[in-house]
Each structure stands twice: as C-alpha cells, then as structure tokens.
1. According to the square roots a ≥ b ≥ c of the eigenvalues of the Cα gyration tensor, what is the shape class of the chain, taking rounded for a/c under 1.5, prolate for a/b larger than b/c otherwise, and oblate for the remainder?
2. How large is ³J(HN,Hα) for each residue in the stretch 99-111, as worked out from phi by the Karplus curve 6.51 cos²θ - 1.76 cosθ + 1.60 (θ = phi - 60°), to whole Hz, x for Gly and Pro?
3. Could you give me D for the stretch 124-233, from Stokes-Einstein at 4 °C and 1.567 mPa s, where the hydrodynamic radius is the Kirkwood radius over C-alpha pairs? Units µm² s⁻¹, please.
4. Quickly rank 224-233, 175-184, 141-150 as a protection proxy: mean count of other C-beta atoms within 10 Å, highest first.
5. Which whole-Hz ³J(HN,Hα) couplings does the stretch 61-72 yield from phi under the Karplus relation 6.51 cos²θ - 1.76 cosθ + 1.60, θ = phi - 60°, glycine and proline marked x?
6. On a 0 to 90 degree scale, rounded to 10, what angle separates helix 2-11 from the longest Cα axis of the chain?
7. Kindly provide the helix-only [θ] at 222 nm of the chain, computed as the sum of -39,500 (n - 2.57) over DSSP H runs of four or more divided by all residues, to the nearest 500 deg cm²/dmol?
8. With Cβ to Cβ distances under 13 Å as the rule, what net charge do the other residues near residue 88 carry (K, R +1; D, E -1)?
Amino acid sequence: MSAHECTRFKTNPLKFARDVCINLQGAGGMVAAGGFNANNAYSPCWFDLEPWSSSLFSSATQVILKPQTGMGAGLLQGYYVPYISYQSVASTNLDHIDMVLLDGVPKALPAYTMVFTGGQNGCSLLMLKGGAADTVSFVHYPNSDGKKRGYPLLRQVGKTAADILLAIDFDMYGEEGNPNAASFFFYDGSKWVGVTQPQVQGAISMSQMRPSMSINRNKPARFITQAGGGVIV
C-alpha cells in the first residue's frame, strides 16, 4: 500500500497535494531507525508515504512521510532539507544550531526531482541561488516574521534575501488558529515547482506517536513557480 501511495505522488504531485493529507509531524530532531537524522540535509534520501490507516478498498486520505537513508523498493528518491527550530538557531548559548542549507542541486535536470522537509507552522521554505553556476539551494527558514524582516537568519548559511528564487511563506498557507502546512518542491521536467498544503492539526495518536492532520479545506493547496502560481485545481 505504501508503494501505491508513492506511485500516486510521483505520477502527479499536484493532484496528490490537493487530495491526500501529507503528515510531516513528528520528524524534527529525531534520529530514526537506519540512522536518518532530521537535523541533517540528505542528497539523496528515500521516502515512504505510509497510510495513516490501512484499507483494502481505497487509496489513503492521509499519509505519513517517513524518510530513510537506505534504498527501498517502491520508495520515493529525493533530497531532504531539515527544519531547525527558531529557538536553536537564534540561541547564543551552547545549544545553538546553525540552519542547514541543502546546496548544489542542479537548476535543470536534477538527479532527484523532489525536495522534502519537516512540517511548517509559521516558517518559510525557500529555494535560493546555489553556490555554483546553474545550481539552486534550499533552506527551511524558522520563524513567521522572517519575511517581513528580510530573512536575517539567512546569514547563517551565507545567503541573503536577494538570493531567494521561490518562497513558501506563512501568508501563503497559514491562517489564525491553523498555522500548519506540508510543503515541498519538485522538478516537473522543465522547472522547479513549490507546493504547499495548508492543514488542520487533530488529536495525537498514541499508536502513530504524532498528531493526525487533515487538509484545510478553507484554504486550498497552492503551487508557485518563477513564472507565477495559484490554487491547485
């Protein structure tokens, strides 16, 4: 069933984001089985889209993104850029952690066509100019006021707001009382596309060890490219 959901996503990421809730909760800061560390960037990384609940009769309506460092049959292959909390990147104490930049991704015809990250709840997911010619980079920028302040924390990864090519910010997905979203980038064969799926957080499942999420039907999933964007229909 997981392979089925991965195939659905790979066939049409936009339609998948419109129809299926992608639960990214619970990954931040954990070292999972197989050595995956959610505070590191990976190139490549492998991803399962595990159904929240099993059914023999229909496709899933909610899936859990489960990254891993090892190959596996039917898994999605892509890049991973971590979410590092604002408390960690802003701290001047010993617990300080710099933001992590995923750099050196080809702007055209990349080896892997998907970039995943942790869940958003006010932060920004950015695609920026890469460190070398004809490349791009990605960073998960913490804190919802980063945009209005000109993204000052980009200094930690050697970038500025002038380097931003695509930005998925809180005002694109969030609303009062519902700050959560699942966002990702994918390469459609000719260009990079940013996608955000606004979500509503539900109750915590003890069996899944994370909250259930659902698509925010009052704020439809959106996409963005360097040529424009809009609602996914």
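1. Cα axes put the chain in the rounded bin.
2. Taking θ as phi minus 60°, the curve returns 4, 10, 9, 8, 10, x, 7, x, 5, 10, 6, x, 4 Hz for the stretch 99-111.
3. Value of D from the Cα-based Kirkwood radius: 85 µm²/s.
4. By packing density, highest mean first, the sequence is 175-184, 141-150, 224-233.
5. With the stated coefficients, the stretch 61-72 comes to 9, 9, 10, 9, 6, 10, x, 8, 8, x, 5, x Hz.
6. Tilt relative to the chain: about 60 degrees.
7. Details: 4 runs with 26 residues, N = 233.
Mean residue ellipticity, 222 nm, calculated: -2500 deg cm²/dmol.
8. Within the 13 Å Cβ shell, the charges total -2.
FYI, it's all coordinate maths here, none of it is from the lab. These numbers were taken from a predicted model, which means no experiment stands behind them. When we count neighbours, we look across all protein chains shown, and the Cβ atoms used for this are built from the backbone with ideal geometry, even at glycine.
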